[in-house]
Amino acid sequence: MALARRHREFDPRAHVRELACVIDEIAALPELDARSLDRIVKRHPRRGCGLFSKSEIIAGYRTLGAADRWPLDEVSFVARLRKRPIRTLSGVTPVTVLTRPHPCPGRCIFCPNDVRMPKSYLADEPGAQRAEANRFDPYLQTWNRLSAYRDIGHPVDKVELIVLGGTWSFLPEPYQRWFVKRCFDAMNDFGAALDGRPEAEALAAPAGFRELPERLDGENLERSYNQQVSAFLGRERDEQLLHERERASWGELEEAQRKNEVAGARCVGLSLETRPDRVTQEEVVRLRRLGATKIQLGIQSLSDRVLDMNQRGHDVAATRRALALLRRLGFKLQAHYMVNLLGATPEGDVAGFQSLFEDPDFRPDELKLYPCALIESAELVGHWRRGEWRPYPEAELLEVLEACLEQVPEYCRLSRVIRDFSAHDIVTGSRTANLREVAEDRIRLRSGRLRDIRSREIRDKGCDVEALELIDRVYASSTGEEHFLELQTGDDRLAGFLRLSLPDGRAPLDELESCALLREVHVYGASLALGLRTDGQAQHRGLGRRLVDRALELARTAGYARLAVISAVGTREYYRALGFEDGELYQSKAT
Ligand code: SF4
C-alpha cells in the first residue's frame, strides 16, 4: 500500500531533466544489467529524495513523449527494465488475493493459527502482507497488484486470478459471490483505466483483525482460531459492518463476468482452494458457476493413519472421490502434498508420492510439495516438545525431495516446493529457501531425471514453430482416459500443451452428455499485451488452434459428439472465434 501511494504521488513532470538523462542512458545501452542500472540512477538522483525506482522511470518514459524521443519503443524499453520476467513467462500474469480470516472446518495440527490471517497463512508471508495492507478487500488487492505489475513493465491483459485462504467452500456463499465479483470489477476497471479504489477504500472492512493477538502458542491455545475469529466476526456482524457489504447476487456476478469477456485485463484462469471432504456435486457446480477453472486441493498424505494422526478430518477415500468429481467437471487439478507430517517416515513419504502418480485415482495436473514446517502457533508444537515429532535433518529431507522430484511425470507441473514462510517463523526444521534448486541441482549432477512441465518449459526462448512436434501422452484416470498433448521442440522444450479428458460412464451434468472435455490449453512465450507481437515467441502463432484441432480429432475418433471446454471468463471470446458455442457453464463444439 505504501508503495502504491508513493507511486500515485509521483509526478514525472516534476523531474523531467533527470528522468530524461536516465532514460537517455538506458536507451543508449545495448543491454541493461543490474549494475549498469544502479550506476545510471545514482548519476541522476531524484531531486529532493533518493533514487528513481523502475516504475518511476517507466512512468517518466510514458509521460515524456517517449515514442518520438528515443529509439526504443515502449515494449522494448520496459522489457529492458523488467525486474523478474520469469513471473509472466508462462504466458499469463498471476494475481494472488486472499480472503479475510474465517473459521475453517479443518483441525489440522500442522496448520498455523495466526488469527489476523485466513487459516493456514502467516502475516509475514509476502502475499499475506499485501492482502492485509489492502484489508483483505478483493477490489483493492486486485487493482493494486495489477498496478504494481504494470509499473514494472509487465503486460496485464491476461490474468490468472489465484484466490487463497483457508477452505473456500466453507465461506458463506454471498461472500464468495461478492469476493469474485469484486476481483472482476477491479480487472474490468483497471483494463478501462478506471480507478475505483477511493470508493473501495471507503467501504473496505476495518483493519480490525490486527486487534487480535499476534502470536499464539499452539500447545496452549486458550481459544482456537475458529473461536477467536468467530467471536470477532460476530462483533462485526452486530455492528452490521460486514454482512451488508460483503454480498452479491449471482446476477451481479454474472454481469461483471460478461464485462470481463472483452475487458483490457481478462481473467484467463481462476483458481480456488478447498478440502476433499467439501467437494460435493453441488459444490463443484457452484465452483464452476463462480468461474473457477482450477481447484487447489489439500491432499497432504495418502496414508489414512497419517491423516488421522494429523487430524485432517478426512480419509484417502474422500480424496479419491473429490478428484474424480472435479475431473468429471473438467477442472484443472492442483494437489498439495506434505512430507514429514506427524507419524510419517521418509520411506512412507516417498512411497505415498509414488502412489500419487501410479494410482489412476490421483495423477494431479499440478502439485505443491510442502515439507512440514513447525510454526509456533500450530498444535504440532506440543508434539515436538514432547518428542513425538521431529523435522527430518536437512540431508534426509533433501533425499526425500530428490526421490519425489524424480517421479513427477511429464504431464504434471510442480508449481512449488516449500511454503513461503519467513525463516524466523519456523521454530525448527529446514530454513533453506531454495531447497528446490538445491535438490534439482543434485539430481542434475548425477544425471537424474527431471521431467515435470516446469523443468521443460520453453520460457521466453524463440522456436521454429513449423518444426514443433505434437506428442500425445496417454494415461488412465479414475474417470476415463487422459491425453496430454504437447508441442515439443527438437531439444525437448515445451512450447505448449493441452489436457483432454475422454470420460467413461454417465456425465455428471446434462450439458456434458456425450462430451469430451478440454481441461486446459497453454501456449508459452513471454506474455504479450493484446495486439503486440514478438517474433519467434510461441504465443499468438496458431499453436493453440493446432492443439484444439487435434483434440477435436481425438474426441471424434473416440466417439464423442462434442468437445466441451471449461473456459475461463476471459477466454470465452477466444473459443467463440474457434467455433465453440456458449452453454450454461461450458462452451462446446461439435466434433
Ligand atoms: S483444512 Fe487447510 S486451512 Fe483448514 S486447518 Fe486444515 S490445513 Fe489449515
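The values are calculated or read from the model by the stated rules, or taken from the named source; none is laboratory data. Being a predicted model, the structure only gives us computed values, none of them experimental. Here the Cβ is made from the backbone with ideal geometry for all residues, glycine too, and neighbour counts use every protein chain on show. To get the accessible areas, we keep the full protein, side chains included, count just its heavy atoms, and leave off ligands, DNA and RNA. Shrake-Rupley method; radii C 1.70, N 1.55, O 1.52, S 1.80 Å.
Points worth noting:
- Test: residue in segment 76-84 that is at pLDDT 85 or above, away from the ligand (no atom under 16 Å from the Cβ), assigned to a loop (DSSP other than H, G, I, E, B) and open to solvent by 40 Å² or more (accessible area, probe 1.4 Å): no
- Being open to solvent by 60 Å² or more (accessible area, probe 1.4 Å) and over 23 Å from GLU482 (Cβ atoms) is a property that does not hold for GLU553.
- Of the residues making up segment 452-473, just one is surrounded by fewer than 20 Cβ atoms within 10 Å (Cβ to Cβ) and over 21 Å from GLY544 (Cβ atoms), namely SER455.
- Subset of segment 411-424 (residues that are open to solvent by 10 Å² or more (accessible area, probe 1.4 Å) and not in a strand (DSSP E or B)): TYR411, ILE418, ARG419, ASP420, PHE421, SER422, ALA423, HIS424
- Meets criteria (part of a helix (DSSP H, G or I) and crowded, with 21+ Cβ neighbours inside 10 Å) for VAL408: no
- The helices (runs of 4 or more DSSP H) found entirely in segment 96-211 that carry 1 or more residues being away from the ligand (no atom under 16 Å from the Cβ), more than 21 Å from SER271 (Cβ to Cβ) and aliphatic (A, V, I, L, M) are 126-133, 197-203.
- Qualifying residue in segment 14-29 (condition: at pLDDT below 75 and assigned to a loop (DSSP other than H, G, I, E, B)): yes
Per-residue answers, yes or no, for (1) more than 14 Å from the ligand (Cβ to nearest atom); (2) modelled with pLDDT under 95; (3) within 21 Å of GLU379 (Cα to Cα); (4) of a type in the set (Ser, Thr, Tyr):
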position	(1), (2), (3), (4)
GLN240	yes, yes, no, no
ARG258	yes, no, no, no
ALA263	yes, no, no, no
VAL284	yes, no, no, no
LEU290	yes, no, no, no
ARG305	yes, no, yes, no
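- Residue in segment 432-442 that is open to solvent by 50 Å² or more (accessible area, probe 1.4 Å) and of a type in the set (Asp, Glu) present: yes
- Just one of the listed residues (LEU326, LEU270) is without any contact (Cβ under 8 Å) to a residue 60 or more places away in the chain, in contact with a strand residue (DSSP E or B) (Cβ under 6 Å, 6 or more places away or on another chain), more than 16 Å from the ligand (Cβ to nearest atom) and among the aliphatic types (A, V, I, L, M), and it is LEU326.
- Subset of segment 310-323 (residues that are touching a residue at least 60 places away in the same chain (Cβ under 8 Å) and away from the ligand (no atom under 11 Å from the Cβ)): ARG320, LEU323
- Residues located in segment 270-296, provided they are closer than 12 Å to SER169 by Cα and in contact with a helix residue (DSSP H, G or I) (Cβ under 6 Å, 6 or more places away or on another chain): LEU272, GLU273, THR274, PRO276, ASP277, ARG278, VAL279, GLU283, VAL284, LEU290, ILE295
- Subset of segment 161-186 that is at pLDDT 95 or above and of a type in the set (D, E, K, R) - its residue that is nearest to ASP277 (Cα to Cα): ARG177
- Candidates LEU216, LEU221 - the one that is over 27 Å from LYS158 (Cβ atoms) and either under 29 Å from the mean Cα position of the chain (by Cα) or modelled with pLDDT of 90 or more (or both): LEU216
- Leading residue by the ranking (nearest to ALA378 (Cα to Cα)) among those in segment 99-148 that are open to solvent by 10 Å² or more (accessible area, probe 1.4 Å) and hydroxyl-bearing (Ser, Thr, Tyr): SER120
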